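**Student:** Okay, here's the structure, questions in a sec.
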Amino acid sequence: MGNKVFSSHHRLSPSASGDLAAAASMERWTGVVHVPLSRGGPLFRVAASLVLSPAKMLAVPRANAILFTGDRVRGTGDPEIEQLSDAAHIAGVLAGKLCGETNAWVVDAACFAGPFAVYRELVPSVDAAGDPKGYDPTGFPAAAGVANILAHSIAEACVQAFGSLKQVVQACIASV
């Protein structure tokens, strides 16, 4: 695990439906970004495998699969357990199991109570151990939090993959 940052581009393999033409024309950006839910907040480690358009820009996916990892498993000495605990590896496996036009997102908690994941930014009323005291759905704080994490992740992925958000916006405007 750790805080390694990587990104890569690769071609999609044919989907289970056998749509060879669509699979051959699409590529993916795969990488890890570190983003806050809000300015100055703790950083979430987000591994993503995102569909690219034929123009090598982020494409609008048919679906997004979002997985929130659980408790940390580190230092077991078992390479299989370590690999299956790595968000970047999980994102790659998840993307490979989904149809070709689906983005895969794997979010690691921003804070832990020992080895236990605590998503207090999404469920604000938790005790010191990370157990929820209750949940007030007013304003949809969990859904809004997930949307913010994904929005920040897309922005950071664009910077990693394409250089800067300004370049991405200019390229999108030019292609319209």
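The values are calculated or read from the model by the stated rules, or taken from the named source; none is laboratory data. Remember, it's a predicted structure, so these values are computed and weren't measured experimentally. When we count neighbours, we look across all protein chains shown, and the Cβ atoms used for this are built from the backbone with ideal geometry, even at glycine.
**Student:** Let me confirm something: among Val60, Val73, which residue is in contact with a helix residue (DSSP H, G or I) (Cβ under 9 Å, 6 or more places away or on another chain) and on the phi < 0 side of the Ramachandran plot? Before you say what the answer is, go through the steps one by one.
**Tutor:** Numbers: Val60 fails: in contact with a helix residue (DSSP H, G or I) (Cβ under 9 Å, 6 or more places away or on another chain).
After ruling out the rest, the residue left standing is Val73.
**Student:** Which of the following residues is farther than 15 Å from Glu121 by Cα, surrounded by fewer than 18 Cβ atoms within 10 Å (Cβ to Cβ) and of a type in the set (A, V, I, L, M, F, W, C): Val32, Val60? I'd like the intermediate steps shown before the answer.
**Tutor:** Working: Val32 fails: surrounded by fewer than 18 Cβ atoms within 10 Å (Cβ to Cβ).
After applying the criteria, what remains is Val60.
**Student:** Quick check on the stretch 118-159: of everything there that is aromatic (Phe, Trp, Tyr) and at pLDDT 85 or above, which residue is surrounded by the fewest Cβ atoms within 10 Å (Cβ to Cβ)? Outline the logic, then answer.
**Tutor:** Just the residues of the stretch 118-159 that are aromatic (Phe, Trp, Tyr), to begin with: 119, 135, 140.
Now narrow it down to the ones that are at pLDDT 85 or above: 119, 140.
Numbers: Tyr119: 21, Phe140: 10.
In this case the residue turns out to be Phe140.
**Student:** To continue, here is another question. Considering only the stretch 39-85, state which residues are among the polar types (S, T, N, Q) and modelled with pLDDT of 85 or more.
**Tutor:** Filtering the stretch 39-85 down to residues among the polar types (S, T, N, Q) leaves 49, 53, 64, 69, 76, 83, 85.
Hits for the stretch 39-85 are Ser49, Ser53, Asn64, Thr69.
**Student:** Residues Ser38, Ser49: which one is small (Gly, Ala, Ser) and within 15 Å of Glu101 (Cβ to Cβ)? Walk me through it before giving the result.
**Tutor:** On the way: Ser38 fails: within 15 Å of Glu101 (Cβ to Cβ).
Sole residue among the options that is small (Gly, Ala, Ser) and within 15 Å of Glu101 (Cβ to Cβ): Ser49.
**Student:** What pairs come out if I take residues in the stretch 53-71 that are free of Cβ contacts under 8 Å to residues at least 40 places away in the same chain and pair them with residues that are part of a loop (DSSP other than H, G, I, E, B) and small (Gly, Ala, Ser) whose C-beta lies under 9 Å away, six or more apart or interchain?
**Tutor:** Ser53/Ala59; Val60/Ser53
**Student:** Further question: Inspect all residues belonging to the stretch 162-169 and state whether any of them is modelled with pLDDT of 85 or more and either in contact with a Phe, Trp or Tyr (Cβ under 7 Å, 6 or more places away or on another chain) or part of a loop (DSSP other than H, G, I, E, B) (or both).
**Tutor:** We begin by selecting, within the stretch 162-169, every residue modelled with pLDDT of 85 or more; these are none.
Checked the stretch 162-169: no residue is modelled with pLDDT of 85 or more and either in contact with a Phe, Trp or Tyr (Cβ under 7 Å, 6 or more places away or on another chain) or part of a loop (DSSP other than H, G, I, E, B) (or both).
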